[in-house]
Amino acid sequence: MKDKKVQDYLDCCIINKCGEPGCDDYAVRKDLIQKIIDGQASEDELSLYNAISSKCSDCKCRQYCEQELAIKNLLQTKLDRKRVPLDIIEKIKTRINKTT
Amino acid sequence: MESVKSSYTEEQRHHIFESEFLPHIDAMYNFAYRITYDEASAKDLLQETYYKAFRFIESFHEGTNAKAWLFRILKNSFINEFRKKNKEPSMVDYQDVETYYNSDDVNEVITSDLRVEVLQDMIGDEISNALNALAVDFRIVIILCDLEGFTYEEMSKILDIPIGTVRSRLHRARNLLRERLKTYAKSMGFK
């Protein structure tokens, strides 16, 4: 027995009935969404996702995906990227040269 | 990653080190910092990693994925030495993760209960704190995937775990990160 929240998401695609492969299969859709979020989807998979989501104006899977991609974008744009201190590079080189 | 060893001259060893290993040093330093959360420790870990990379350079095949190879050494150094030295226990019960991923409950995570506009208002410190609050093993997969852009296959090799486990760990890590951000958003009065 699925809880209500899960059932809502399963219903989402049943109600919208875009008919795209994978849209009505929760496991396939979940797998596809995860690959997109993780940046591992192929061109074909991206096309499939776009075809599905563009037909569902209130697609909860698309909302979920967009939310996760927004978090990913935050990580990529708002976290400081440090430069390694130059003295560390020198220390590494010195240590290596001593071994040769 | 390969077990077959190459044979390099001294000149070639230094050439590989300069041309294939050093270009990744900033990424390595950031990775070390994000998993130790301490500047001095990150520097130590970085030096140890590069020293080991040079010592074991025969195991590296020129032209293959140097970045993944280096990240793997750093991750192993962290687990085998740094974490042991600092007595930090692993916070992740992997059996729990696998059980979670394979259960029906996992369906529940397809939620969009944190508005994108709220996320966009967050600043770097808040994101950083949320990431750092994750157990290190979850933090590592997020860093490797989202910040360093490794593929499932590369992450699998770096972490010495099957691709399915990489995916399940990533999935769980994202849920935990989202929960942290959601808690923060609520504390700031966002709905």
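The values are calculated or read from the model by the stated rules, or taken from the named source; none is laboratory data. Predicted, not measured: the structure shown is a model, and the values here were computed from it. As a convention, Cβ positions derive from the backbone with ideal geometry for all residues, glycine included, and neighbour counts pool all protein chains shown. In case anyone asks, the SASA skips ligands and DNA or RNA and just uses the protein heavy atoms, side chains included. Shrake-Rupley method; radii C 1.70, N 1.55, O 1.52, S 1.80 Å.
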> For residues in segment A:16-44 being at pLDDT 75 or above and in a loop (DSSP other than H, G, I, E, B), which is farthest from B:Cys145 (Cα to Cα)?
Replying inline: A:Ser42
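Residue-wise test of (1) closer than 26 Å to A:Leu75 by Cβ; (2) assigned to a loop (DSSP other than H, G, I, E, B); (3) among the aliphatic types (A, V, I, L, M).
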site	(1), (2), (3)
B:Glu18	no, no, no
B:Pro23	yes, no, no
B:Asp26	yes, no, no
B:Phe31	yes, no, no
B:Lys43	yes, no, no
B:Thr49	yes, no, no
B:Lys52	no, no, no
B:His61	no, yes, no
B:Thr64	no, yes, no
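So if I check each of B:Ile142, B:Ile158, which one is open to solvent by less than 20 Å² (accessible area, probe 1.4 Å), at pLDDT 70 or above and away from every other protein chain (no Cβ under 12 Å)?
Numbers: B:Ile142 fails: away from every other protein chain (no Cβ under 12 Å).
Among B:Ile142, B:Ile158, only B:Ile158 is open to solvent by less than 20 Å² (accessible area, probe 1.4 Å), at pLDDT 70 or above and away from every other protein chain (no Cβ under 12 Å).
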> Does segment B:19-68 hold any residues that are more than 9 Å from chain A (Cβ to nearest Cβ), of a type in the set (Asp, Glu) and either surrounded by fewer than 13 Cβ atoms within 10 Å (Cβ to Cβ) or within 18 Å of A:Val84 (Cα to Cα) (or both), and which are they?
Replying inline: B:Glu20, B:Asp38, B:Asp44, B:Glu48, B:Glu58
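Being of a type in the set (Lys, Arg), more than 7 Å from chain B (Cβ to nearest Cβ) and open to solvent by less than 60 Å² (accessible area, probe 1.4 Å) narrows it down to one residue among A:Lys98, A:Lys93; which is it? Walk me through it before giving the result.
On the way: A:Lys98 fails: open to solvent by less than 60 Å² (accessible area, probe 1.4 Å).
That would be A:Lys93, the only listed residue that is of a type in the set (Lys, Arg), more than 7 Å from chain B (Cβ to nearest Cβ) and open to solvent by less than 60 Å² (accessible area, probe 1.4 Å).
State which residue is modelled with the lowest pLDDT when the search covers only segment B:74-95 and only residues that are of a type in the set (A, V, I, L, M) and open to solvent by 30 Å² or more (accessible area, probe 1.4 Å). Can you show your working first?
Narrowing segment B:74-95 to residues of a type in the set (A, V, I, L, M): B:74, B:79, B:91-92.
Filter once more, so that each one left must be open to solvent by 30 Å² or more (accessible area, probe 1.4 Å): B:79, B:91.
Details: B:Ile79: 89, B:Met91: 47.
In this case the residue turns out to be B:Met91.
Hey, any hits in segment B:173-180 for a residue that's of a type in the set (Asp, Glu) and modelled with pLDDT of 95 or more?
The first filter runs over segment B:173-180 and keeps only residues of a type in the set (Asp, Glu), leaving B:179.
Cutting the leftovers down to modelled with pLDDT of 95 or more gives us none.
The answer is no, given that none of the residues of segment B:173-180 is of a type in the set (Asp, Glu) and modelled with pLDDT of 95 or more.
Taking B:Arg178 as the residue in question, decide whether it is facing another protein chain (nearest Cβ under 10 Å), assigned to a helix (DSSP H, G or I) and charged (D, E, K, R). Spell out the reasoning first.
Numbers: facing another protein chain (nearest Cβ under 10 Å): yes; assigned to a helix (DSSP H, G or I): yes; charged (D, E, K, R): yes.
Taking the combined requirement at face value, the residue satisfies it.
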>> Against the condition out of contact with any Cys (no Cβ under 6 Å at 6 or more places or on another chain), within 14 Å of chain A (Cβ to nearest Cβ) and not polar (S, T, N, Q), how does B:Arg72 come out, does it pass?
In response: no
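Would you check which residues across segment A:47-84 are more than 12 Å from chain B (Cβ to nearest Cβ) and either among the charged types (D, E, K, R) or open to solvent by less than 60 Å² (accessible area, probe 1.4 Å) (or both) and list them?
Looking only at segment A:47-84, we keep the residues that are more than 12 Å from chain B (Cβ to nearest Cβ), and these are A:47-57.
Hits for segment A:47-84 are A:Leu48, A:Tyr49, A:Ala51, A:Ile52, A:Ser53, A:Lys55, A:Cys56.
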